[in-house]
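The block underneath contains the structure these notes are about, expressed in structure tokens.
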Amino acid sequence: MVFSNLVFLFAFLPIVLFAYFFARKNFRNIVLLIASLVFYAWGEPQYVFLMLFSIVMNYGFGRGIHHYQNRIVPKKLLLTLSIIGNIAILGYFKYAGFVLNGVNSSFGTNIELGEVPLPIGISFFTFQAMSYVIDVYRKDAPVQKNIFSLALYISLFPQLVAGPIVRYNTVDQQINSRTITTDKVYEGIKRFIIGLSKKVLLANSFAVIADQAFSTPAGEMSVMMAWVGIIAYTLQIYFDFSGYSDMAIGLGKMFGFDFLENFRYPYISKSISEFWRRWHISLGTWFKDYVYIPLGGNRHGKIVQVRNLLIVWTITGFWHGASWTFMAWGFYYGAIIVIESLGFGKWLSQLWSPLQHIYVLFLVMVGWVFFRADNFTYSFDYLQTMFGLNQTAFIDSMFLLQWNDNWMLFLAGIIFSTPFIANVSRVYERLAVRAKGLQVVTLFSEPAIYMTLMVFAMVRLVNSSYNPFIYFRF
């Protein structure tokens, strides 16, 4: 089940909210836990047992590490076993087929594993469980002695399927005690509607254009259509994933939780390093704290730092999917960040600001080609078409049709991927503080705007069965 689903919007969420707010405070976590397990089991009921196993396993390791907190050897052994156990679960369901194909190709064998379906959100809840155990080991977070509270942390449905990856030490107090106010619920509803609108009205619209481009042989499309396709995908993946994060943060507020931001307008960045400080912040922070720094970070000279950056970014790419193209995509960013860290970043910062933005957008779009394409052959063919090296036409009828029908969509996507609207809103709010007339206008106009967005999103969902979700497979 995903948030942009009519069953979720008109059945699951209203029922859960009703049960949650009418339950006694000491039963609200149980209501959320049951709801989260039902949410996860909706499409793949058998995999709820995998999640329960993960919960019990990590609960046991957390308690064991806490028990031996003053004995280094058994504590470190338990931590090692917990990491192996979590990676083994993730590795089997997400990477076993990829590894086996590599073995068969390398040694000429014909070993068959059979189809292993990918449980939804396994990368997210596995990383959360690992962070809990590691933080207990480091004494950065208290051990959770109530298994139901830990189960709620790992399975909490607002951020279960696609994050943000919530660190246990940021929500441990909220699990035990949180305050719910009318203002907070209202803010949560507004944030959810913004996210839903980004997903349904923008991401889904760009997905149609991107899918058409990437389903066309690269040698059969024009240069401009190739650029339209990758720009559409660049906007699709941003509104898809940031929209889901907005909905997750909004839902969290409705239930009293405060999740950290996951996106901060990454396409306005002036360097690739800055881009990754703004894009999928929770994942970048996770790899920094649990992989990059333990490897030595930048503490042992430039050579070790370069090695660590390339390792971390290759793993980051592999986290996104069991494919060589994902690994290449991660290594690609690692190489660029290494180049920026070796001095290019300082030179870049002295350039005219628009050139810095163009640099980032150009490299990001090239990277998205590898992320979106199914294989290297198509990736390189697509890039050749983008740069006019495939001897294809500069403009074709497909491009003209897409441009004539969707130029306003692209304009809206560009505007809403920047802080322009947020900045205008802040200026308006400052003016409204001084003018009572504007306060009255806001009182009536704000609910009307959000209700209008909700209605448009509902109409789009009802009238269209096309509702892809990029990060659903992660």
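No lab work stands behind these numbers, since they all come straight from the coordinates. For clarity, every value in this text was computed on a predicted model and none was experimentally measured. Cβ placement follows ideal geometry from the backbone for every residue including glycine, while neighbour counts extend to all protein chains displayed.
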Counting Lys and Arg as +1 and Asp and Glu as -1, what is the net charge of the other residues whose Cβ lies under 12 Å from the Cβ of THR216?
-> -4
Centre separation in Å (Cα based) which lies between region 335-375 and region 160-204 = 31
Can you tell which of GLN356, GLY102, ALA328 lies farthest toward the positive end of the dipole of the chain, using +1 and -1 charges on the Cβ of basic and acidic side chains (Lys, Arg; Asp, Glu)?
-> GLN356
State the answer as a single residue: which of THR182, ILE134, GLY195 lies farthest towards the positive end of the charge dipole of region 104-202, with beta carbon charges of +1 for Lys and Arg and -1 for Asp and Glu, about the Cα centre.
-> THR182
Would you mind ranking ILE165, ILE83, ILE111 by Cβ crowding within 10 Å, fewest neighbours first?
-> ILE111, ILE83, ILE165
Simple spin-label model, 7 Å along Cα-to-Cβ: ILE358 to LEU81 in nm?
-> 5.9
Around TYR290, with a cut-off of 12 angstrom between Cβ atoms, what is the net charge of the other residues, counting Lys and Arg +1 and Asp and Glu -1?
-> 0
Ranking of GLU429, GLU340 by count of other Cβ atoms within 10 Å, fewest first | GLU429, GLU340
In nanometres, the difference between 0.36 nm per residue of separation and the alpha-carbon distance of VAL103 and LEU400 is 102.3 nm
If you place +1 on the Cβ of every Lys and Arg, -1 on the Cβ of every Asp and Glu, and leave all else neutral, what size is the dipole of region 1-84 about its Cα centre, to the nearest 20 Debye?
-> 500
Short version: ³J(HN,Hα) in whole Hz for each residue of region 320-337, in order, from phi by Karplus 6.51 cos²θ - 1.76 cosθ + 1.60 (θ = phi - 60°), x for Gly and Pro, what are they?
-> 6, x, 7, 7, 5, 5, 5, 5, 5, 4, x, 5, 4, 5, x, 5, 5, 5
Ellipticity estimate at 222 nm from DSSP helix runs (n ≥ 4, -39,500 (n - 2.57)) divided over the chain, nearest 500 = -22000 deg cm²/dmol
The exposure ranking of ARG167, ARG278, fewest beta-carbon neighbours within 10 Å first, is ARG278, ARG167
Between ASN463 and ARG71, what FRET efficiency follows from the Cβ-Cβ distance if R0 is 60 Å, with the result rounded to 0.05?
-> 0.45
Of the listed peptides 144-154, 399-409, 236-246, what is their order by residue-averaged count of other C-beta atoms within 10 Å, with the highest listed first?
-> 236-246, 144-154, 399-409
